[in-house]
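**Q** The structure that follows is given in the form of structure tokens.
What follows is calculated from the coordinates using simple rules that are stated; it is not laboratory data. Since this is a predicted model, take the numbers as computed values, not measurements. With ideal geometry, Cβ positions are generated from the backbone for all residues, glycine too; neighbour counts draw on all protein chains shown.
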Amino acid sequence: MMFAGWVNRQQLDLIDYLKEENRVLREMLGGRPLRFSDAQRRRLAAKAKRLRRKVLNEVASIVTPDTLLRWHRKLIARKWDYSYRRSPGRPPVMVEIRTLIVRMALENPTWGYTRIQGALSNLGHQVARSTVANVLKEQGIDPATERGKRQLWSTFLKAHWGMIAACDFFTVEVWTMKGLMTHYVLFVIDLATRNIHIAGITVHPNHSFMMQVARNLVDCDAGFLYRMHCLLLDRDSKFSTDFRMLLQREGIEVIRLPPRSPNLNAYAERFVRSIKDECLNRFIPFGEASLRNAVSAFVDHYHSERNHQGLGNRLIQPSDVVRLPDRQVRRRIRLGGLLSYYYREAA
């Protein structure tokens, strides 16, 4: 009896120690919930089943007895639900086929489910018409009857590629004898080639300035918009009715963008970001001549020395000079090293 009492006492002391150790560990966790794996849940549930609820209430400190018993019941239920015998079910549509369905629908707004199904059959993919419908529905793409009613902006631009340009203003603060003066820079960009033309720089973009700019742009000898058919511009009041009428008389269709829609003039907006991030925001212009020199230097760099992601990471105007790979690498700098271009010496 004495030995049994001593062993029982030892077990109680051991349980008290383990409970206190669990409390210390929970305090170290800072109250964050514990995340158990399935294997850990099975081990705890199997041990808890032997102790029953009364004993668990006394010793369990990590999870409640109800939780342990619930894990145990799930373990038993999983044994008899025969989930291990279940097949994976109907295989999902191949990623390649899903990609092709979405691509065909976006590139051909008038194609319906049956037309896409036939196009896939030409490529060796046998797909049900309902599968095509389900894939497009999951991607939020309307049926052909709805898609055919409207034209994507990107489709419109590419349809007129080579005949469409865009123009916009950006402002630069310049130090002058009178203090900081806001200068307005008007530029035009050819969307197909990304060529930039600085149409004018002024402090006062008034009516006479804008009319002279319009005449210069449509000049038959050196006008940047000569042979262009469309010009995108926003609803800035500086693009007056007279300005637009002069362009239209020369055969240029003026497309005014909706208010507050910079995404529809994304190419022009991207040039503004480029010239400001790479040049003007790192440069303090003193006088209009300084500003003109900086803008001119960046435009030259933009055309012949800067790679463009939208053009396959190529130069707009690459040099025709043959350069051998074994020649020494040189660095051409503009604006005191603000703009750099690396090239090999010509043969």
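**Q** Please turn the phi angles of the range 211-219 into ³J(HN,Hα) values with the Karplus equation 6.51 cos²θ - 1.76 cosθ + 1.60 (θ = phi - 60°), one per residue in order, whole Hz, x for glycine and proline.
**A** 5, 5, 4, 4, 5, 5, 5, 9, 4
**Q** Give a residue-ordered list of calculated ³J(HN,Hα) values for the range 272-278 (Karplus: 6.51 cos²θ - 1.76 cosθ + 1.60, θ = phi - 60°; whole Hz; x for Gly, Pro).
**A** Taking θ as phi minus 60°, the curve returns 4, 4, 5, 5, 7, 5, 8 Hz for the range 272-278.
**Q** Whole angstrom only: what separates the Cα centroid of the range 236-276 from the Cα centroid of the range 279-319?
**A** 21 Å
**Q** What's the exposure ranking of Ser37, Ser261, going from fewest to most Cβ atoms within 10 Å?
**A** Going from least to most buried by this count: Ser37, Ser261.
**Q** Oh, and also: What FRET efficiency do you get for Thr114 and Arg270 if R0 is 41 Å and r is their Cβ-Cβ distance, rounded to the nearest 0.05?
**A** According to the calculation, E is roughly 0.55.
**Q** Efficiency by 1/(1 + (r/R0)^6): what FRET value for Asp221 and Arg306, r their Cβ-Cβ distance, R0 = 30 Å, to the nearest 0.05? Each step should come with its number before you reach the end.
**A** Numbers: r = 28 Å, r/R0 = 0.94.
The pair Asp221/Arg306 has a calculated efficiency of 0.60.
**Q** I've got another one for you. Assuming 0.36 nm per residue, please report the length gained on full extension of the stretch Asp320 to Ala133 beyond their Cα-Cα distance.
**A** Numbers: separation 187, 0.36 × 187 = 67.32 nm, distance 5.14 nm.
Here the segment from Asp320 to Ala133 would lengthen by 62.2 nm.
**Q** Between Arg344 and residues 5 or more places away or on another chain, which pairs have amide H atoms under 5 Å apart, with H built 1.01 Å from N, and which residues are they?
**A** Under 5 Å from the amide H of Arg344 lie the amide H atoms of Arg330, each far enough along the sequence or on another chain.
**Q** If each of His125 and Leu338 carries a label point 7 Å out from its Cα toward its Cβ, how far apart are those two points in nm?
**A** The two pseudo-label positions are separated by 5.0 nm.
**Q** So what are the ³J(HN,Hα) numbers for the range 179-195, from phi and the Karplus equation (6.51, -1.76, 1.60; θ = phi - 60°), rounded to whole Hz, Gly and Pro as x?
**A** Each residue of the range 179-195 in turn: x, 6, 10, 7, 10, 9, 10, 9, 10, 10, 10, 7, 5, 6, 9, 6, 5 Hz.
**Q** When only Cα pairs under 8 Å and 6 or more residues apart are kept, what is the percent relative contact order across the range 240-347?
**A** 16 percent
**Q** Starting from the Cα of Arg331, step 7 Å toward the Cβ, then list every residue of the range 295-309 with an amide N under 12 Å from that point.
**A** No residue qualifies, since no backbone N sits under 12 Å from the label point.
**Q** Given a cut-off of 30 Å, name the pairs among Lys74/Lys137; Lys19/Lys74; Lys79/Lys137 whose C-alpha atoms lie farther apart than that in the structure shown.
**A** Lys74/Lys137; Lys79/Lys137
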